[in-house]
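These notes are about the structure you will find just below.
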């Protein structure tokens, strides 16, 4: 296969809370204020992407308390604590902070009494608060964690956005992947990555991007390294794109069985996701760039429920049925209209 055996990069098994907080503040521009325990963040780790709201634990049921997850205290949990006496608040909150909770977030602008925050501090549990609404903050946090814990792999190919369809161009070394990608960029399409493509699996979707080293750069044999963004402008590149079609280039002489009708759709399993797989034989003079554009448009048509191969097959079947019912010779075209031009 063109990509060889795709081996996932070993996944991250834990993320330091300090890194999580820093990335939210610097990369996501989310305002997070410290309640207590920021110095303990370097020694606290998140080990999974799932989050937990400790309502049942505050109420006293801790048999199934998933204390290894990030704890989110929103409006419901805060109002429940506010309806308790001071002693009952401490007793309820003790059910949470007595475990090695990685971090606690107060959302939607909620606050806790100082004596509860002090309980968390005494147990070295970091606690932060944000004004973002609870479900929105949980969405951002879960998306970040899923990205950090995502399955990834680095493949040798070129990735291009063609009419909004992410096409991964693969093939043997030197077959012309970069040249096809460059031609597509010259025709107005957008380069995602060349030579080394990072694939990330999130929510059963494969996202492709360049690495920090080769972003926007391309190697053309005989010419060298070129900077696509500097040469063609910002519109010629994009940071990442969903992988939707795999196009494998191979020499015509190496072809054993080439698909002629398109009725037999092939897919390739990449990191557990089935990707449409097109085998494209190349010969001197063959315009691979135009064919790549047609592949993208054909994929778009399939999303609207149109399959040219099936439509053509139905026309053949209907013609065969008509021929069986009719007697006498059959014309390939029933009527030629006169052309006076």
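Details
- Residues that are crowded, with 21+ Cβ neighbours inside 10 Å and not in a strand (DSSP E or B) within segment 165-177 comprise just one, 177.
- Within segment 243-289, tally of residues that are outside any strand (DSSP E or B), at pLDDT 75 or above and under 19 Å from residue 299 (Cβ atoms): 7
- Condition met for residue 143 (farther than 30 Å from residue 243 by Cα and surrounded by fewer than 21 Cβ atoms within 10 Å (Cβ to Cβ)): no
- Restricting segment 146-164 to residues that are in a strand (DSSP E or B), out of contact with any helix residue (DSSP H, G or I) (no Cβ under 8 Å at 6 or more places or on another chain) and at pLDDT below 95, the residue that is surrounded by the fewest Cβ atoms within 10 Å (Cβ to Cβ): 154
- Screening 72, 62 for residues that are in contact with a strand residue (DSSP E or B) (Cβ under 6 Å, 6 or more places away or on another chain) and either surrounded by 13 or more Cβ atoms within 10 Å (Cβ to Cβ) or closer than 17 Å to residue 138 by Cα (or both) leaves exactly one candidate, 72.
- Among residues of segment 204-225, those that are over 25 Å from residue 272 (Cβ atoms), without any contact (Cβ under 8 Å) to a residue 40 or more places away in the chain and surrounded by 13 or more Cβ atoms within 10 Å (Cβ to Cβ), counted: 4
- Residue, nearest to residue 183 (Cα to Cα), within segment 286-297, restricted to residues that are touching a residue at least 12 places away in the same chain (Cβ under 8 Å) and out of contact with any helix residue (DSSP H, G or I) (no Cβ under 7 Å at 6 or more places or on another chain): 293
The values are calculated or read from the model by the stated rules, or taken from the named source; none is laboratory data. All of these numbers come straight from a predicted model, not from anything done at the bench. Cβ sites come from the backbone with ideal geometry, for glycine too, and all protein chains shown count toward neighbours.
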